[in-house]
Structures are given as C-alpha cells and as structure tokens.
C-alpha cells in the first residue's frame with residue numbers, strides 16, 4: 001500500500017523479429033490518454049493479430065520493456081497531474097502502481113484536507129523524475145487560506161504489463177507525508193490554556209522554566225473544558241507506522257489561532273520562584289513543596305526541563321522509604337522508638353548479605369537511634385517476621401501509594417511497592433529492590449506523617465472539574481503517628497538530617513536517603529521533611545548522600561515558612 005515501491009525490473013530486449021509498429025505507436029498518442037495504446041502491450045488478441053501471431057510466445061513478447069522514454073515519462077506525469085487537478089481521484093490513481101492507496105489519499109485531499117482550486121504545474125523532468133508545484137486553497141467553516149508547496153513524482157515501468165506508471169508514495173501528495181499518514185483540516189486538537197498561580201498571576205516558562213511539562217499537562221487535561229477554543233489548521237495526521245516511529249502530527253497551515261481557556265492552580269509564586277532557584281544549584285535535582293493540611297502543591301521544579309521527574313520520576317527512594325517501613329513495624333507492635341534494637345554490620349537474608357553505609361553498626365542502641373542514623377540492617381532484620389505483602393499493603397492502605405489513582409490535575413506516577421519475596425523483600429524495606437518513588441510521592445509520605453491523614457496531593461482543585469481525589473483505605477492510629485514524629489524529629493535534630501535542618505525546630509521532622517543505582521558512581525540523594533504546615537521533598541540524582549545534596553535544597557524551602 002501507500003509507500004511500498006512497486007518498480008518493475010527491466011526485462012531483456014525483445015527479439016528483432018517483433019514488428020516495430022508497437023514502438024511507433026507511442027509517438028502517435030502523446031497528446032491523449034495513453035491507456036489504449038498501453039493495453040496493446042498487455043497480451044490481448046489485438047496485439048497478437050497486429051504482430052501476425054496467435055502463439056503464446058508472441059503474446060509474451062508484446063510486453064514493453066527497457067528504459068522509459070522521455071515521452072512515456074512526460075505523458076504519464078501529465079495524465080496523472082491533470083486527473084488530480086480536475087479532482088478525479090480514481091482516474092489519477094489508475095495511473096499509479098498502487099491505485100488503492102493513491103485513491104484513498106487523493107480522495108482525502110479534497111474531502112478531509114478541504115483543499116480546492118488546485119493547480120499542478122510540472123517542472124523540468126530529470127530522467128524518470130518530474131517535479132511539480134502545487135497551489136490551492138484550504139477552506140474550512142468559511143475561513144480560507146492559500147496553500148503552496150513543491151513535490152515530485154517518479155515514473156516506473158510496470159513489470160507485469162510494461163505500462164509506465166507513477167511510482168506511488170504518500171510523499172507525491174505532500175513531501176511531509178509518510179505511509180499511512182493523511183492530511184486533515186479542522187480544529188487543532190486541544191484548545192490552549194493559560195494557567196494561573198493561587199494569586200492570579202500567569203504561569204509561564206519564561207518566569208518558571210520547570211513548568212513546561214506541567215503546562216502541557218494542564219492543556220491536555222483541561223484544554224477542552226477550560227473555556228478555550230481550538231485553532232483551525234491543516235495538519236499531517238500520523239498513521240500507525242509514523243506513530244511507531246514516534247513522529248508527531250505536524251501543522252502545515254494555520255487558518256486561525258485558538259483562544260486559550262484559563263486554569264487556576266495551587267502554585268505559590270513565592271515558593272515556585274524559590275524552588276526554581278534551588279534546582280539551578282545542582283544538576284539532576286528535583287523538588288516538590290506541598291501543604292499537609294490540604295494536599296495543595298505549592299511548587300514543583302526540576303533542573304532538567306524536558307521531563308517532570310518531580311511528578312513522573314520512577315526512582316528507588318532509598319532510606320526515605322524507612323518512614324513507611326517504620327509505620328508498618330509500629331502498627332504491628334514489632335518495635336517502639338525507644339526499644340532496644342541492634343543494627344549489625346552485616347545481615348544475611350535468602351543468600352544475600354546486606355551491609356550498612358560505610359560498614360557501620362550499632363551494637364547497643366534503640367530503634368530511634370537506628371532510624372536517625374539510617375542504619376539499614378536494623379530494618380532488614382525484621383524480614384523473617386513479615387509476609388511478602390506487608391509493606392505493599394502498608395504503602396497502599398495508609399499512604400495511598402502504588403494504586404495508580406491519583407488525580408492531581410496533570411500526569412503523575414503514584415509510586416510502586418510491588419509484592420516481593422526473599423532478599424528482594426528485604427531490600428524493599430530500605431527503599432531498594434522494586435520500590436519506586438518520586439519527590440511528589442515522598443512529600444506526600446511526610447505530609448501523611450505530619451497530619452496523620454493521607455490527603456492526595458493536587459495541583460488543580462477538585463472543584464474545578466468535580467473529579468474525585470484518591471483516598472487511603474485506613475488512617476494510622478494517633479499512637480503510630482506520634483511514634484513516627486518522634487523518630488523523624490530525632491533525625492532532624494540529631495541524626496543524618498541534623499546539619500540541613502539546623503535552626504528549623506522544634507515542630508519538624510525529616511528523613512534522608514541514599515539509593516544505589518547500578519552503573520552509577522554516586523547514589524541518588526533523597527530528603528523529605530516537614531516543618532509546621534509545610535512539607536518539601538527532593539532528589540539529586542547521582543549526587544551522593546541525601547543529607548548533603550537534597551537536604552539543603554529542601555531545608556531552604558522550609559525556612560520560608562508560610
């Protein structure tokens with residue numbers, strides 16, 4: 001179909017005994033349709049009679065072979081272009097070597113693309129190729145604009161019957177078309193939107209470079225409902241093959257520009273500006289700021305602007321996951337903050353040997369001390385007392401993670417805590433294995449601890465479109481919340497987060513994380529923390545320890561208060 005080449009290979013020259021009258025006929029029909037003459041080469045009775053032979057071998061010899069003459073190329077091109085210009089799609093398609101695909105695309109040229117008044121002007125032939133110019137008018141709902149472009153066609157000899165035919169490719173109709181694509185004039189997809197912060201100021205990438213993916217997501221979600229109007233365009237609409245090749249639809253001509261609708265967000269201009277500044281300080285850094293009491297997202301920023309890691313990243317969260325693990329341990333009454341609990345230098349589980357950072361150990365200490373020091377084996381050594389699904393259930397039921405049902409207003413990845421067994425389950429307890437999160441997820445975890453209730457984060461208020469926010473299956477007990485705040489406050493005051501959180505107490509809590517990544521010299525540094533009714537979480541990929549990398553970024557935003 002469409003773009004498949006059907007070029008006939010030249011056959012050997014005919015025997016000299018063949019009458020020359022067939023070749024002479026070509027010159028006779030230059031000014032008219034060549035179909036009748038070429039039919040003589042198809043092996044019909046008339047050809048045999050003129051050749052003076054009724055044999056099958058003579059019939060075969062009637063097929064025209066050899067290079068195309070200039071007359072054949074020019075006549076075929078003129079016949080094709082004339083039929084197309086006159087709007088006779090079927091007749092034009094019949095002069096090609098793929099009449100089905102050609103007919104469909106040429107019919108759509110008028111029907112779908114709304115192109116009329118077409119003038120096709122051949123240029124100077126080069127061998128079997130004929131360039132031509134296209135001029136026409138695109139008209140849609142009373143709006144018209146001229147269209148002009150250059151194209152070209154190639155004439156080939158059909159192997160089966162010797163006919164000169166246009167070698168069909170979608171590019172004949174327009175050079176930007178690929179196999180399976182089509183031209184369509186109409187509304188240009190989703191109407192544009194203007195997004196505004198919580199105070200009514202417009203959000204633009206000029207002000208906030210990180211927000212490019214967010215603004216795209218807002219248009220995708222709210223463009224059709226925010227009161228805007230799509231523009232009208234002539235577009236190349238990609239088919240399956242082009243989509244597989246990741247080619248996007250392409251606008252060829254804009255008849256009218258769209259008028260944008262408006263969407264109000266929860267973004268704070270003060271925090272957004274500060275977050276943008278923070279991510280410029282470290283490569284591959286991302287951060288989210290939110291309000292625990294409401295779930296409102298106040299800021300989102302990424303050092304790299306092409307992909308929204310803060311909302312859509314899927315990274316191992318390292319030891320920040322110990323917040324969720326501790327929640328599970330507290331709820332199961334397996335430990336309390338002040339209970340004695342060792343953290344051995346190594347711990348073997350299902351054939352794996354787990355180590356602590358820098359080979360450290362705590363021989364005599366409390367669970368709170370191990371949490372504050374982020375000592376891995378103090379968590380992994382609970383594995384024999386747990387089922388494979390315990391951590392998954394805790395993450396889903398209390399923190400709303402891993403259910404793929406958050407509706408924040410733009411695309412987001414909602415975390416993943418898969419059920420795993422053996423050593424992989426042990427690794428999950430410290431945020432490795434198959435556990436995957438992003439700064440939005442970990443900000444939500446700290447928010448749930450601070451407020452005691454999971455409130456799904458959101459960037460656009462649910463009242464804007466009456467959508468339903470995700471809810472957790474259950475709420476942690478007041479006792480569990482108090483225990484979590486105790487260990488997180490200890491970490492902020494005396495543990496691995498103390499340097500970054502200095503001067504921010506006493507109503508605060510934090511957790512650091514370092515996630516090892518195969519083939520990466522330094523781990524991803526994580527940090528999530530709350531201070532009063534404010535939470536921030538961040539990651540610096542390949543940055544090193546979270547307390548030294550993501551920590552200062554998060555603490556700087558928490559210092560702003562508000």
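Key figures for this structure:
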item	result
Meets criteria (assigned to a helix (DSSP H, G or I) and surrounded by 21 or more Cβ atoms within 10 Å (Cβ to Cβ)) for residue 217	yes
Residue among 163, 145, 141 that alone is surrounded by 19 or more Cβ atoms within 10 Å (Cβ to Cβ) and in contact (Cβ under 8 Å) with a residue 60 or more places away in the chain	163
Those residues of region 246-259 which are in contact (Cβ under 8 Å) with a residue 24 or more places away in the chain, surrounded by fewer than 18 Cβ atoms within 10 Å (Cβ to Cβ) and part of a loop (DSSP other than H, G, I, E, B), in sequence order	247, 249, 257
Criterion violated by residue 457 - all others in (1) touching a strand residue (DSSP E or B) at 6+ places or on another chain (Cβ under 6 Å); (2) buried (at least 20 other Cβ atoms within 10 Å of the Cβ); (3) over 29 Å from residue 203 (Cα atoms) satisfied	(3)
Per-region count, region 105-126, residues free of Cβ contacts under 8 Å to residues at least 40 places away in the same chain and within 20 Å of residue 166 (Cβ to Cβ)	9
Candidate set: region 178-202, residues that are crowded, with 21+ Cβ neighbours inside 10 Å and within 22 Å of the chain's Cα centre (by Cα); chosen: the one modelled with the lowest pLDDT	191
Residues of region 319-353 that turn out to be within 11 Å of residue 375 (Cα to Cα) and surrounded by fewer than 22 Cβ atoms within 10 Å (Cβ to Cβ), as a count	4
Residues that are closer than 20 Å to residue 300 by Cβ and touching a strand residue (DSSP E or B) at 6+ places or on another chain (Cβ under 6 Å), drawn from region 417-447	436, 439, 440, 442, 443, 446, 447
Residue in region 298-305 that is modelled with pLDDT under 95 and more than 19 Å from residue 526 (Cα to Cα) present	yes
Top-ranked residue of region 148-160 - restricted to ones that are surrounded by 13 or more Cβ atoms within 10 Å (Cβ to Cβ) and more than 35 Å from the chain's Cα centre (by Cα), ranked as modelled with the lowest pLDDT	159
Close pairs from region 432-447: first within 14 Å of residue 418 (Cβ to Cβ), partner surrounded by fewer than 24 Cβ atoms within 10 Å (Cβ to Cβ) and modelled with pLDDT under 95, Cβ under 7 Å, at least 6 apart	432/516
Condition met for residue 413 (assigned by TED's automatic domain parsing to the domain that holds residue 315, at negative phi and crowded, with 21+ Cβ neighbours inside 10 Å)	no
All positions within region 222-244 that are under 22 Å from residue 180 (Cα atoms), under 22 Å from the mean Cα position of the chain (by Cα) and touching a residue at least 24 places away in the same chain (Cβ under 8 Å)	235, 236, 237, 238, 239, 240, 241, 242
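For (1) free of Cβ contacts under 8 Å to residues at least 24 places away in the same chain; (2) in the same structural domain as residue 338 (by TED's automatic domain parsing); (3) on the phi < 0 side of the Ramachandran plot; (4) out of contact with any strand residue (DSSP E or B) (no Cβ under 8 Å at 6 or more places or on another chain), each residue gets a yes or a no:
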position	(1), (2), (3), (4)
453	yes, yes, yes, yes
470	no, yes, yes, yes
474	no, yes, yes, yes
480	no, yes, yes, yes
488	no, yes, yes, no
496	no, yes, yes, no
499	no, yes, yes, yes
504	no, yes, yes, no
519	yes, no, no, yes
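The values are calculated or read from the model by the stated rules, or taken from the named source; none is laboratory data. Just so it is clear, the model here is predicted, and its values are computed rather than measured. Neighbour counts are summed over all protein chains in view; Cβ atoms, including those assigned to glycine, are modelled from backbone coordinates with ideal geometry.
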